[in-house]
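Here is the structure we will look at, set down as structure tokens.
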Amino acid sequence: MIVPLMTGRARRTASPSIQAPAPSVTRWHDNHFLPRYHLAMTSTRSAARYGAGRGQRAALPEPPAASFPRNPGIPLDLSWVRDVRVNRSAVERRAATIGTRRTVKKEWQLAWLLRAITLIDLTTLSGDDTAGRVRRLCGKARRPVRRDLLEALGAESLDIKVAAVCVYHTFVETAVEALKGSGIPVAAVSTGFPAGLSPLDTRLREIEASVSAGAHEIDIVITRSHVLTGNWPALYDEVRAFREACGESHLKTILGTGDLGTLRDVARASVVCMMAGADFIKTSTGKEPVNATLPVGLVMARAIRDFRVRTGHTIGLKPAGGIRTAKQSLEWLAMIKEELGDRWLRPDLFRFGASTLLADIERQLEHGVTGAYSAYHRHPVG
């Protein structure tokens with residue numbers, strides 16, 4: 001059960017579907033695109049149980065508004081890992097309600113969608129990628145929404161741009177050059193993406209090469225067999241080595257949740273990666289049959305919440321693969337707001353790994369302005 005904590009006008013007008021006087025998009029952006037509406041987060045009966053269970057309520061303390069130290073990691077605690085439990089039926093029930101209990105409409109929805117754009121890792125990871133495609137993608141990253149739409153929304157003065165551009169190592173230098181002066185970081189997928197089965201020394205050299213080429217963030221793939229066989233020390237040592245190879249670049253660990261089989265293994269892998277020093281935990285490569293789903297995201301969000309309560313270290317979350325529509329992005333944002341709080345709705349703590357999501361969001365923004373949907377070819381991404 002979620003308890004609304006509201007003040008002033010929001011308390012008098014609130015309803016289960018978040019109805020409140022709709023401010024302009026510009027005014028909302030000044031307040032981080034969020035309504036003056038806060039939700040308390042609930043803890044489960046045990047800190048290691050990530051299902052939607054009963055128990056005492058506890059609000060997770062908010063991280064400071066400014067940037068905070070990176071996760072340094074902690075020693076591997078196997079007793080913590082073994083104690084992790086997941087109530088699958090409760091997780092699925094909770095996830096099923098996210099898109100139905102709380103909705104945002106009209107100007108509020110447009111503001112949420114603008115926020116979603118600023119959380120996108122705009123990605124191209126195809127076998128037919130070229131330097132020209134990467135440059136076009138970087139151009140779209142700099143200006144993800146057409147100027148006429150921003151003017152119609154009253155948001156032309158806002159610095160709307162994506163969170164990062166994600167490419168293969170081959171195109172890191174191309175992306176860095178194309179994004180120079182924009183403030184948009186370049187992320188490189190590494191470590192034998194997407195299977196992650198290259199020899200360890202090869203994967204470490206790949207990380208070092210991407211960092212040397214200018215990548216600010218490294219998305220690594222864990223060895224899924226370590227999770228499937230319960231070899232947690234091997235997984236910890238592997239991610240720890242990747243963390244050291246990254247240096248000052250941020251480390252995002254891709255779990256490949258579609259290959260892990262159970263939500264309990266997803267939770268355990270999340271905990272071990274965070275112990276090893278991951279800055280983000282990421283759902284998928286986008287190449288698995290099943291990628292980012294709300295139940296998986298809920299389990300990972302609660303693992304992040306538990307880790308912060310226990311250690312004080314703050315970790316980001318990145319769902320990737322399968323998030324193609326504006327509606328899906330709103331469901332994820334609602335889940336993150338309720339489970340982790342408003343502070344996680346910023347690009348240093350939450351990202352969407354997506355290639356087609358931006359086009360659908362732009363279509364929804366145009367519908368909000370004109371009342372009609374445009375064709376996808378009017379919103380090319382790369």
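We did not get these values from a lab; they are worked out from the coordinates using the rules stated. As the structure is a computational prediction, the values presented were derived from the model and not from experiment. A quick note on method: Cβ atoms are made from the backbone with ideal geometry, for glycine too, and the neighbour counts reach across all protein chains shown.
Tabulated data for the structure shown
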{"quantity": "Selection from Thr100, Ala175, Leu158 lying farthest towards where the dipole of the stretch 58-189 points positive, charges on Cβ", "calculated": "Thr100"}
{"quantity": "Residue order, fewest to most surrounding Cβ atoms within 10 angstrom, among Met275, Met335", "calculated": "Met335, Met275"}
{"quantity": "Links that overshoot a 31 Å alpha carbon limit, given the list Lys252/Lys327; Lys106/Lys252; Lys140/Lys327; Lys161/Lys282", "calculated": "Lys106/Lys252"}
{"quantity": "Length-normalised contact order of the stretch 252-382 in % [C-alpha pairs under 8 Å, at least 6 apart]", "calculated": "20 percent"}
{"quantity": "Cut-off 16 Å, label 7 Å out along Cα→Cβ of Ile74, residues of the stretch 221-236 by amide N", "calculated": "236"}
{"quantity": "Under 13 Å, Cβ to Cβ, from Lys252 - net charge with Lys/Arg +1 and Asp/Glu -1", "calculated": "0"}
{"quantity": "Rounded FRET efficiency, nearest 0.05, which uses the C-beta distance separating Arg147 from Asn231 and R0 of 35 Å", "calculated": "0.10"}
